[in-house]
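Asks: My structure is below; once you've seen it, I'll send some questions.
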Amino acid sequence: MTHDDARSKDLVNSDPDAAKEIRARTGPAGLLDNVVDRAVRIPSGAVRKHVDQLRKRNPNATPAEIVRILEKEYLRVIQASGGAIGAAAAVPAVGTAAGMALSSSDIATFFASSAAFALAVADVHGIEVEDVARRRALLLATVLGDKGAQDVEDAVGGSGVAWGKVLLTSMPQTTLRRVNKTLTNQFIRRQLAKQGGLLVGRVIPFGIGAVVGIFGARALGHTVIKQSRDAFGPPPERFPRIIEQR
């Protein structure tokens, strides 16, 4: 047992409140929450660079066409990750236990890819945001589907502007904190059930898990894509940012 482990055990035995905090931090909900926090900290420069690279490779593409390219890229990444975990778990030398460990990385890939995708779509719309709380709310709302989007729209109050634009640019901090609390509570309940079911599917032996992983990841990905379209509305006719063509 490490020194930290021993200290945590002492706290659990002596302080019920500390025990509750440790369980929250190290249990499935706390770990999933940490994955989201890491996912939304992708540097804006990396997001902008990727969008600019796509535009340079497709110099005649409209903003709507660049968004469609981003959507296809995103689905390929998360499907490849989901299928690879299922395939690995089907190999006797890897086995179910290792497959479960690999699936933790797979879940991190899903959230990191989802955050990068949503921020890239925002960039096409001319929105760059560094605020981690705004990024977090965007990721949670898109992953949660219609219910998450409805929570943000209710907070926006029917402004007539796409909810993602309001969320990232003008939502007051007090409202943002309330929205994030609501979304986080929903997220922990629903995503543990969703990801837990898909995780079990990916570690079914004999290769069946690969199929479940691919189609499960695709279903989650389509939810994120649909919500990103609703969040920002139709792409602009022209790019709000000019890039140098080389």
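Asks: Is it the case that Asp131 is within 16 Å of His222 (Cα to Cα) and at pLDDT 65 or above?
Replies: Judged against the criteria, Asp131 is not a match.
For every residue, the table says whether it meets (1) modelled with pLDDT under 85; (2) surrounded by fewer than 22 Cβ atoms within 10 Å (Cβ to Cβ); (3) under 24 Å from Thr62 (Cα atoms).
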residue	(1), (2), (3)
Arg136	no, no, no
Asn180	no, yes, no
Arg189	yes, yes, no
Leu198	yes, no, no
Phe215	yes, yes, no
Pro235	no, yes, yes
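Asks: To continue, here is another question. Being modelled with pLDDT under 90 and either of a type in the set (Phe, Trp, Tyr) or under 20 Å from Asp230 (Cα atoms) (or both) is the requirement here; does Ala149 meet it?
Replies: yes
The values are calculated or read from the model by the stated rules, or taken from the named source; none is laboratory data. From a predicted model like this one, the values you see are computed outputs, not experimental measurements. Every residue, glycine as well, gets a Cβ built from its backbone with ideal geometry; the counts of neighbours run over all protein chains shown.
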